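The values are calculated or read from the model by the stated rules, or taken from the named source; none is laboratory data. On a predicted model such as this, the values are computed, not experimentally measured, just so you know. Heads up, the Cβs are rebuilt from the backbone with ideal geometry, glycines too, and the neighbour counts pull from every protein chain shown. Note: accessible area is taken over every heavy atom of the protein model, side chains too, but ligands, DNA and RNA are not part of it. Shrake-Rupley method; radii C 1.70, N 1.55, O 1.52, S 1.80 Å.
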Amino acid sequence: MRDREMTVVEHLTELRRRIIWVLAVFVVALIAGFYFAGPLIEYLKQEPIADGVPIISLHPSDALRVYMQFAFLIGAVAALPVALFHLWRFVSPGLEERERRGSLYFIPAACLLFIVGILFGYYVVFPMIMQFMTGMTATIGADPNYGIAEYFGFLFNMVIPFGILFQLPIIVMFLTRLRILNPMRLAKVRRFAYFGLAVVGITLTPPEIVSDIMVTIPLLLLYEMSIWLSRIVYRKQLREEAEWEKEYGSFETDELVR
C-alpha cells in the first residue's frame, strides 16, 4: 500500500511539473502575442473578407479586448504542440514500444490539422457568413458598422470550432491505436455520425443550402478519412499481433503454460 501511494504521488508530481511547463510556454507565447497582435489585426482588417466593412470602436476597452483575444489565440496555438508532447510523455510509460513510437507522430499531425481547420473556417466559412449577414443588414436599411471587438469576437467564434473539428482524424487514429475504436465500429455508426456532422455544419453556417453543403461535405469527408486512417492502424495492429503470435505464441497459450 505504501509503494502504491508513493507511485500515485510520483505520478501527480510529474503531472504537475508538466502542467507548469505548458503554462510557462503559454505565458511566454501570450506575452509575445501582444507584439504580433497589432500587425495581425491590421492584416486581417485589410483582407478582402473585411474589405468595405466599416469597423469602429464602440467602447474604450475594445482595443485592449481585441489585443487580449489575439494574444490568447497566439499563446494557445504556440502552446498546443508543447501540451501534446507533454501529454504523450505522461502516458507513454503505459504504452508498448511500437505504440509509443506510433503515437508520437500524432503531435505534428494534430497541430497541422488545427491550423488547416482554422484556415478553412476563415477563408471558406467566415466569408459566406459575413456576406449573408451583411445582406441581411442591408435588407432592413441599416448601415453595416461593426464594433471591432464584436467583429473579431464573431470571427473567433466561427473559426476556432473548425480547428477543433479538424482534429477528428487524429482523435480516431489515437483511439484506434489504444484499441478503443476500430474501423468496423466507425462504419457501423456512420449514419449517426453523418447526421451529427450535418447538424454541426448547418448550425455553423447561414440558412442557405449552398453554404450548408460547402461546409457539411468537408466534415463528412473528414469522417471518411478517419475511417480510412483507422483501418490502416487496425490492419497494422493485426499484422503486429500475427507476427508476435508467430514468434512467441498466442497470449492464451502463454497463460495456459503458466
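For Glu245, indicate whether it is of a type outside the set (Ser, Thr, Tyr), at pLDDT below 80 and in a helix (DSSP H, G or I). Against the criterion (of a type outside the set (Ser, Thr, Tyr), at pLDDT below 80 and in a helix (DSSP H, G or I)), Glu245 qualifies.
Determine, yes or no, whether Tyr67 is of a type outside the set (A, V, I, L, M), modelled with pLDDT of 75 or more, under 27 Å from Phe120 (Cβ atoms) and open to solvent by 90 Å² or more (accessible area, probe 1.4 Å). For Tyr67, the condition - of a type outside the set (A, V, I, L, M), modelled with pLDDT of 75 or more, under 27 Å from Phe120 (Cβ atoms) and open to solvent by 90 Å² or more (accessible area, probe 1.4 Å) - is not met.
Within segment 89-110, which residues are surrounded by fewer than 17 Cβ atoms within 10 Å (Cβ to Cβ), at pLDDT 75 or above and not aliphatic (A, V, I, L, M)? Residues satisfying the conditions are Arg89, Phe90, Tyr105, Pro108.
Confirm whether Thr176 is among the β-branched types (Val, Ile, Thr), modelled with pLDDT under 85, in contact with a helix residue (DSSP H, G or I) (Cβ under 6 Å, 6 or more places away or on another chain) and farther than 24 Å from Ala79 by Cα. Judged against the criteria, Thr176 is a match.
Look at segment 112-139: where a residue is modelled with pLDDT under 85 and a partner is surrounded by 15 or more Cβ atoms within 10 Å (Cβ to Cβ) and of a type in the set (Gly, Ala, Ser), sitting 6+ places away or on another chain with Cβ atoms under 7 Å, you get Met128/Ser211.
Go through the residues of segment 156-167 one by one and say whether even a single one is among the hydrophobic types (A, V, I, L, M, F, W, C), surrounded by fewer than 18 Cβ atoms within 10 Å (Cβ to Cβ), in contact with a Ser or Thr (Cβ under 8 Å, 6 or more places away or on another chain) and assigned to a helix (DSSP H, G or I). No, every residue in segment 156-167 fails to be among the hydrophobic types (A, V, I, L, M, F, W, C), surrounded by fewer than 18 Cβ atoms within 10 Å (Cβ to Cβ), in contact with a Ser or Thr (Cβ under 8 Å, 6 or more places away or on another chain) and assigned to a helix (DSSP H, G or I).
Yes or no, residue by residue, for (1) in contact (Cβ under 8 Å) with a residue 60 or more places away in the chain; (2) open to solvent by 40 Å² or more (accessible area, probe 1.4 Å); (3) assigned to a helix (DSSP H, G or I); (4) farther than 13 Å from Leu165 by Cβ:
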site	(1), (2), (3), (4)
Arg179	no, yes, no, yes
Gly196	no, no, yes, no
Val200	no, yes, yes, no
Arg235	no, yes, yes, yes
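Which of (1) at pLDDT below 75; (2) open to solvent by less than 30 Å² (accessible area, probe 1.4 Å) is the odd one out, the single condition Phe251 does not satisfy? All conditions pass for Phe251, except number (2).
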